[in-house]
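Note sheet for the following structure.
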Amino acid sequence: MDKLWKQITPSDYAWEQEGLDFLRRQLPDHAPYRVWANFEFIAQDGSVNEVDALVLTPKGLYLVEIKSHPGEISGDAGSWVWTCEGRRRVFDNPRLLADRKAKKLAWLLKMQRAALAGSGKARIPFITALVFLSADAVVNRLQGPARLQVYTRKNLLDALTRLDGNGRDKKIDRPTSKLVARALEEAGIKESLRARRVGLYDLVELLDEADHFQDWLATHSETGIQRRIRVYLTRGKPEAEAQTLHQAARLEFRLLEGLEHPGILRAREYQQHDQGPALVYEHDPAAERLDHHLLGLGPDRRLDTTDALTLMRRIAEAVQVAHAHRLHHRALRGCLRSKVLIFLLFVTRSSSKRPSLPTS
């Protein structure tokens, strides 16, 4: 399968490579099957996107997000809980990010010369995003919508190759396979560079993204200090929209640069990046999103009244300071009262062991 399997970047992690090796062993070694593994692409909005595997089979074209967590995976459509050896970690459902990457890649491929030429009936197929839980003994306890498009070693091959036989599957033929390969080559997929640069900072891990920005965990190349860097995505945008984003970045920096409060991230530097303006923020590696913190406590452990009120006081103080400086949190939008009520309903009377509270 050497000609049909292209691993653009050698994997730095044994568990990631093992998941790719499993995928390679399972897939047939003839056309129209093709796989492109460990690559990155720059979408038309300027965002940098890493892909674990893009798999083309007679059944369709799939963007496969590999997660190698052993133990147990549970949670809902928004957040997952990974439990292993008595420890719990909460993170966003990876399929949400995979869906975003699939849409961006599909649009990028359709804009390439090979696709626009429209030779014959070959067209860039729809890209389906799925998550592969690659650990050998992982237990998938996701239910309902959270379980959709999530597979283990037991059912991944069927998801990628088994045709339903009811006429709904559009079988991918050789011309379509060749078209996808040409479009990917023209799109300039390349080696995944996990260390990208903003000034003297290496961008090492994508933390969050939206339509107009990406947040990265970054490390200073000389001091080793970690920061959170927000890159505004102005590349490829219409001039008016790009100018609006530049103004928003400058305003955000001016408002946050001199603000001192333990509950509000402080902007340290304003930099320029190939994709747009970049804001360098302080980063606390122990910081945790509130919803992730609460889910991480587990079903049998909840904050007692004292801890809950202390946390609510910290949040209220941070919001008060922000509003005093004419800052508004984009996720509150006037519904703080409802959030407080929901949070207080979550609280139980007592807890045998108080969890550590997030500081920001």
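Of note:
- Some residue of the range 92-110 being modelled with pLDDT of 95 or more, buried (at least 18 other Cβ atoms within 10 Å of the Cβ) and assigned to a strand (DSSP E or B): no
- Residues that are part of a loop (DSSP other than H, G, I, E, B) and of a type in the set (Gly, Ala, Ser), drawn from the range 11-60: Ser11, Ala31, Ala43, Gly46, Ser47
- Looking at Ser177, Ser134, just one residue is surrounded by 13 or more Cβ atoms within 10 Å (Cβ to Cβ) and more than 30 Å from Thr83 (Cβ to Cβ), and that residue is Ser177.
- Looking only at residues in the range 1-55 that are without any contact (Cβ under 8 Å) to a residue 60 or more places away in the chain, in contact with a strand residue (DSSP E or B) (Cβ under 8 Å, 6 or more places away or on another chain) and of a type in the set (Lys, Arg), the one that is nearest to Gly188 (Cα to Cα) is Lys6.
- Residues (touching a helix residue (DSSP H, G or I) at 6+ places or on another chain (Cβ under 9 Å) and either outside the structural domain of Phe41 (by TED's automatic domain parsing) or on the phi > 0 side of the Ramachandran plot (or both)) located in the range 61-95: Gly75
- Test: Asp274 is under 23 Å from the mean Cα position of the chain (by Cα), within 18 Å of Asp215 (Cα to Cα) and surrounded by fewer than 16 Cβ atoms within 10 Å (Cβ to Cβ): yes
The values are calculated or read from the model by the stated rules, or taken from the named source; none is laboratory data. Keep in mind that this is a model prediction, so the values were computed, not measured. Heads up, the Cβs are rebuilt from the backbone with ideal geometry, glycines too, and the neighbour counts pull from every protein chain shown.
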